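Take a look at the structure below.
The values are calculated or read from the model by the stated rules, or taken from the named source; none is laboratory data. Small disclaimer: the values here were computed from a predicted structure and weren't measured. Cβ sites come from the backbone with ideal geometry, for glycine too, and all protein chains shown count toward neighbours.
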């Protein structure tokens, strides 16, 4: 095991991010003894094409891991540290996803066991468990020789899922990727300690309020001193 792994930070984006996301990104974590390289953001390209391009750049940079983060997923502090530690503790695991949620209401976790069975719900905060599918918007991937061999098309939206007599038009790049990696015997786990918040790239009041709440929860202001003679002012 390398004691100083190189981690490529990959952000496919449409070129617009919130202040909350930008601030959270500064605290995403940089493990002691590890190095990271920020890949040039891929702006405005179809998502599968963008992810494939970032995978190639990470491999060309001789990175040991690639960390995908979406521009609408707000990471908790030290997200990268937590996901990497799971990898270092479990060398047989190839991919670890953080926990984030769909944008639709009622919201649901973006993880599945099996397909066309609904989201996987039998878990608790802080648990670490295997899943079959997840999103790729907070995902750490170990760039093993076997993973590299699955390229150059790791991701695609040009496919149809078919299992026996069941056919689904779920042509998402993440389901394609995890279907391909599962067939290759690679393991995907979810770290439910690493909880994300998701916002949409819009100026609607609801999303703006969510972003403010997320910022306050993840980066609370310092508590003023209440030592006698140094009490905070009464703002009445």
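Take the conditions (1) out of contact with any strand residue (DSSP E or B) (no Cβ under 6 Å at 6 or more places or on another chain); (2) within 22 Å of residue 155 (Cβ to Cβ); residue 73 misses just one of them, which is (1).
For the condition free of Cβ contacts under 8 Å to residues at least 40 places away in the same chain, buried (at least 17 other Cβ atoms within 10 Å of the Cβ) and not in a loop (DSSP other than H, G, I, E, B), residue 57 does not qualify.
Listed residues 83, 140; which is in contact with a helix residue (DSSP H, G or I) (Cβ under 6 Å, 6 or more places away or on another chain), surrounded by 15 or more Cβ atoms within 10 Å (Cβ to Cβ) and not in a loop (DSSP other than H, G, I, E, B)?
Values: 83 fails: in contact with a helix residue (DSSP H, G or I) (Cβ under 6 Å, 6 or more places away or on another chain).
Answer to the selection: 140.
Quickly run through the stretch 106-119 and pick out the residues that are over 20 Å from residue 73 (Cα atoms) and surrounded by 13 or more Cβ atoms within 10 Å (Cβ to Cβ). 113, 115 - these are the residues of the stretch 106-119 that are over 20 Å from residue 73 (Cα atoms) and surrounded by 13 or more Cβ atoms within 10 Å (Cβ to Cβ). The residues of the stretch 143-178 that are assigned to a helix (DSSP H, G or I), loosely packed, with under 15 Cβ neighbours inside 10 Å and either in contact with a helix residue (DSSP H, G or I) (Cβ under 7 Å, 6 or more places away or on another chain) or at pLDDT below 90 (or both) amount to a single one, 148. For the stretch 94-134, residues that are more than 21 Å from residue 173 (Cβ to Cβ), in a loop (DSSP other than H, G, I, E, B) and in contact (Cβ under 8 Å) with a residue 24 or more places away in the chain total 5.
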